[in-house]
1. Using the heavy atoms of the protein chains alone and a 1.4 angstrom probe, what is the accessible area of the chain per residue in square angstrom?
2. Using the reciprocal of the averaged 1/r over all distinct C-alpha pairs, how large is the Kirkwood radius of the range 1-121 in Å?
3. Taking Lys75 as the anchor, which lysines have their alpha carbon closer than 23 Å to its alpha carbon, excluding any fewer than eight residues away along the same chain?
4. Using the alpha-carbon centroid of each, what span in Å lies between the range 1-18 and the range 74-100?
5. When the helices in the chain are scored as -39500 (n - 2.57) per DSSP H run of 4 or longer and the sum is shared across all residues, what 222 nm value do you end up with, to the nearest 500 deg cm²/dmol?
6. Rounded to the nearest 0.05, what FRET efficiency do Leu52 and Glu113 give with R0 = 25 Å and r taken as the Cβ-Cβ distance? Could you check?
7. Looking at the range 41-85, which trypsin sites (Lys or Arg not before Pro) are DSSP coil and have at most 16 other C-beta atoms within 10 Å of their C-beta?
8. Tally up the carbon and sulfur contribution to the accessible surface of the chain as a whole percent, 1.4 Å probe, everything protein left in place.
Amino acid sequence: MDNQLLFTIGMWLLGSLAIVVMGAVVVGLPYFFIRMIIKQMEYGKTLKVWGLKLKKRHTTQAEFEGLMQDMRDVKWAPNYPEYWGYCKNIFYATLHSHEIMLEQKRQLYAEFERLKVHGLPYPRERKEVR
């Protein structure tokens, strides 16, 4: 084959590849950002529901597994003080609950550490008050 023909075919393939890549970027980037916004709204809703539910009471043993599963499903806490407050409501409602065991409180603490929620005290053994 002629070098000129090989060069022409190569440039045509390269141009076609560039069009495919640019098309994927044009379609993929907005999809990625829209998906991230939707996920953030889902995670925020989960935190808000639990935060408001536990605002005025302590966590019960029966609802702890559901709470932990929801916290595992949350991949990040939205970067807003409102959601940090919900996380702290959830944590303190569990920390002060007499029904939840110390190991479970530490599991929840680890989940909030993973979510980068700072300022939470590490759960320690309680001293008996008589």
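1. 73 Å²
2. Hydrodynamic radius (Kirkwood, Cα pairs) of the range 1-121 is 17.4 Å.
3. Of all the lysines, those that pass the test against Lys75 - Cα under 23 Å, at least 8 places apart if same chain - are Lys39, Lys45, Lys48, Lys53, Lys55, Lys88, Lys105, Lys116.
4. Here the two parts' Cα centres lie 59 Å apart.
5. Helix contribution divided over all residues of the chain: -25000 deg cm²/dmol.
6. 0.65
7. Lys55, Lys56, Arg57, Lys75
8. In the chain, the share of accessible area belonging to carbon and sulfur is 64 percent.
The values are calculated or read from the model by the stated rules, or taken from the named source; none is laboratory data. In this text the structure is predicted, and so the values were computed from the model without any measurement. Note: ideal-geometry Cβ built from the backbone for every residue, glycine included; neighbour counts use all protein chains shown. Keep in mind that these areas ignore ligands, DNA and RNA; they rest on the heavy atoms of the full protein, side chains included. Shrake-Rupley method; radii C 1.70, N 1.55, O 1.52, S 1.80 Å.
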